Every structure is written in structure tokens, then in C-alpha cells.
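Working notes for the structure below.
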Amino acid sequence: MNFKKSQFLPFFFSIVSSVSFAQSSHFNDLLDAAAQGNADVQYNLGEMYDKGQGVAQSYEKAFEFFSTSAAQGNANAQFSLAGMYLNGDGVTQSYEKAFEWFSKSAVQGNAKAQNNLAAMYYDGLGVTQSDEKAFEWFSKSAVQGNVNAQYSLAMMYYDGRGVAQSDVKAFEWFSKSAAQGNVMAQYYLAILYDSGQGVAQSDDKAFEWFSKSAAQGNALAQYDLAVMYYDGRGVAQSDVKAFEWFSKSEAKRGMAAAQYGLGIMYDKGRGVAQSDVKAFEWYSKSAAQGHVDAQYNLAVMYETGKGTSKNTILANEWYLKAADNGDAMAQFNIGNNYLYGRNGLPKNRTQALKWFKKAADNGNVQAKLVLAGLQ
């Protein structure tokens, strides 16, 4: 059973400030202090209006107080004001203004602003795209303990963007972020343990971190966790648990690989009652998303009438899709169908030789033998 790894998700912006609100039983006293130029009180009033805590929620009033405080140099207000420009809350959305105010806050050492400034450089929002500047600001934020910046910095080391590629440094920063609960850092830490990149290979540690990420609802980790249960790597083999986690992954994200996994489980009756009809259903969903192994298995089911009505025309369509996607056995079957004029294909020796050669180049032994005989 060939399972494939999944891909990573985007960087995280930090939006919500963690600064506590000023406490006062007399709201008018806060307004008076703000009017007298107290930047901290202005900031706190902005937070109260932004969140609707103790007052009627108002982005317009929040923007007013954040602006007044930010103009006096309050780093937290500058961060919050930038967030309002970023999202268009209470003001016309502007990446350029968001960048301006994240910059002011970041140079004062605000870790969340540094993270967001880095993300804007990374994506080229409001500023010319620059991997090097993104790396610089993710680094500043990460060393202050910002969990999202630690994950993003790890990804830059992992991909070699803005810095020399280093699995060792990626492992270091994924570890820091994962320890703080970042779901994607936990996932990539598991990937590194699974593959032995930047750290000694360990099925047990891979299972541990896939489990942590999966428990937070990460569909990618849920899929990989299912594969580990299916194969019995890093954990006692369990078809029941494999089926459980394939199901969770599919339900969360509709992943083609998870759908294929469910098809396999129903097809073989592993972890669930055997059902050709359910296997056909899940292979169909996965194949429609381009999963090559599912496309091949679906073709076989149409050709044999297993789980569905026999239909050689549709069988050939799915063999062709799988063959075009590089499946060697599908390529061999297409070659056979052209050679003998089967499943709706005309007899065509030239086409047969073409597909046999593709299959042989992909390592299919049967195709090599047939080619030797035909040539």
C-alpha cells in the first residue's frame, strides 16, 4: 500500500494582543486620562472597544484610540492599529499602512509585530517581497519565544528560503514551536523524526508528534497517524485505529489520500466490515481528486464489476487517467488493451508499444517481457 506524505500549510499572522485591560470602576476616569494624553489608557480603551469588553463594540472608536496611542509611540497600540489596517476593521484595508505600523511596533521589540512584519515580507504584502528580510524578522520574533515565528523560521530553514537550507536548524525551531503547542510545528517535527532529517530517525518519536498534532485536528497528521497504525510503525499495529484516523482525516479535509486509505480498508476488510460497495465509493472520491492509486483501483473495479456494475469503457477511462499520472500497471493494461483491441480501445500496435515502453521505463517487468516478444 503506497501512502504519500502531505504538504505544509501557510505561515501564521499574530493578530490578538495579549496585553491586559486597564481596570477601573469609573469609565469616565479612563476617558479623562486618555484625553490628557495617557498613551497606555488610550491603548486600553482601544482594546475595550475592539473586543466589546465593558463597552459597546466599535471598530471606529477602537481605531480612534489606537491611532492616538500609536502616534505617541505605544508599541502595543501600533501593533493593534496595524492589525486593523491589515483586516480593514474600522478603516479602509491597506497592506501598506499595516506594514508601516507593524514596522514601528517591531523596531520597539514587539514580538508579534516582528512576526507579522516578517510574514508581510515573506508574502510581499505592502512591501517588496524579500525572503532575507522575512528571515531577519522571524528570527527576531522567534528568539523572544513567539510560537508562530518559531514555526515560520523553521520552515525557512526547512525550505532554504532566505537562509542556507538546514534540517538541523529546522528541527531545532520546529521543536521549540511544537513544545508550545503549534499544531503544524508538531506535524513537521514528526515528519523529521519519520524521515531522519536533522535528527536520528525514530518511529516512536514520529508517532508521538503525529499524535499530538492529530489530536489538535490537523488532517495531515491524522492521515500520517493512520498510516503508522496501518503499518504498525512506532505503535502496535491496529487496523481499527488506522480506520478511525483515516476517517477523521477525510472528514476534516476531504483528503484524497485519506479517501484512498478508507477504500483500501473497506476493500480488504481491515478494521471494518469488508464492503466492495464502500470501497468503490471511497476509491471514486479519491480518484476524482487525482489520486493515481485510487484511479487504478477504480478502473479494476469497473473492469471486474466489483462493487459496481461492470463497465469496460469506464474501466479504460480510469486506466488512462492513472496511466497518464504515471502508474506503471495502468500503462501496461492500456498497452494490452490497445494490443488486443479491448475495453473500447481499437487494436493499435503503435499505441500498444508506446504504453508498454512507458510501463517498462517505470519498472514493470511484464511490460519488459512483452516488449521483448513484440520487438
Of (1) under 24 Å from ALA226 (Cβ atoms); (2) at pLDDT below 95; (3) small (Gly, Ala, Ser), GLY373 satisfies every one except (1)
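Could we say that ASP194 is acidic (Asp, Glu), closer than 21 Å to MET255 by Cα, out of contact with any strand residue (DSSP E or B) (no Cβ under 8 Å at 6 or more places or on another chain) and surrounded by 21 or more Cβ atoms within 10 Å (Cβ to Cβ) here? It would help to see each step written out before you state the result.
Details: acidic (Asp, Glu): yes; closer than 21 Å to MET255 by Cα: yes; out of contact with any strand residue (DSSP E or B) (no Cβ under 8 Å at 6 or more places or on another chain): yes; surrounded by 21 or more Cβ atoms within 10 Å (Cβ to Cβ): yes.
Spelling it out, ASP194 is indeed acidic (Asp, Glu), closer than 21 Å to MET255 by Cα, out of contact with any strand residue (DSSP E or B) (no Cβ under 8 Å at 6 or more places or on another chain) and surrounded by 21 or more Cβ atoms within 10 Å (Cβ to Cβ).
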Which pairs do you get when a residue that is among the acidic types (Asp, Glu), found in the range 77-90, comes within reach of a residue that is assigned to a helix (DSSP H, G or I), reach meaning Cβ atoms under 7 angstrom, with the pair 6+ apart or on two chains?
ASP89/TYR59
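Per-residue answers, yes or no, for (1) closer than 27 Å to PHE246 by Cα; (2) crowded, with 23+ Cβ neighbours inside 10 Å; (3) among the polar types (S, T, N, Q):
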site	(1), (2), (3)
GLN289	yes, no, yes
VAL292	yes, no, no
ALA315	yes, yes, no
GLN331	no, yes, yes
LEU353	no, no, no
ALA359	no, yes, no
ASN364	no, no, yes
GLN375	no, no, yes
How many of the residues in the range 240-277 are within 22 Å of the chain's Cα centre (by Cα), part of a helix (DSSP H, G or I) and not acidic (Asp, Glu)?
17
Which numbered condition GLY37 fails, given (1) farther than 30 Å from GLN150 by Cα; (2) modelled with pLDDT of 95 or more
(2)
Residue hits (the range 24-76; assigned to a helix (DSSP H, G or I), among the aliphatic types (A, V, I, L, M) and either in contact with a strand residue (DSSP E or B) (Cβ under 8 Å, 6 or more places away or on another chain) or farther than 21 Å from GLU100 by Cα (or both)) are LEU30, LEU31, ALA33, ALA34, ALA35, VAL41, LEU45, MET48
Count of the range 337-373 residues which are charged (D, E, K, R), in a helix (DSSP H, G or I) and over 19 Å from LYS321 (Cα atoms)
2
Conditions (1) more than 29 Å from VAL235 (Cα to Cα); (2) in contact with a Gly (Cβ under 7 Å, 6 or more places away or on another chain); number of the one not met by ASP204:
(1)
Out of (1) at negative phi; (2) outside any helix (DSSP H, G or I), the odd one out for PHE280 is which?
(2)
Pairs returned, first residue in the range 349-375 that is of a type in the set (S, T, N, Q), second residue that is crowded, with 16+ Cβ neighbours inside 10 Å and outside any helix (DSSP H, G or I), beta-carbon separation under 9 angstrom, 6 or more apart or interchain, are GLN351/LEU345; ASN362/ASP327
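The values are calculated or read from the model by the stated rules, or taken from the named source; none is laboratory data. Please read all numbers here as calculations on a predicted model, not as lab measurements. Reconstructed Cβ throughout: ideal geometry from the backbone, glycine too, with neighbour counts over all protein chains shown.
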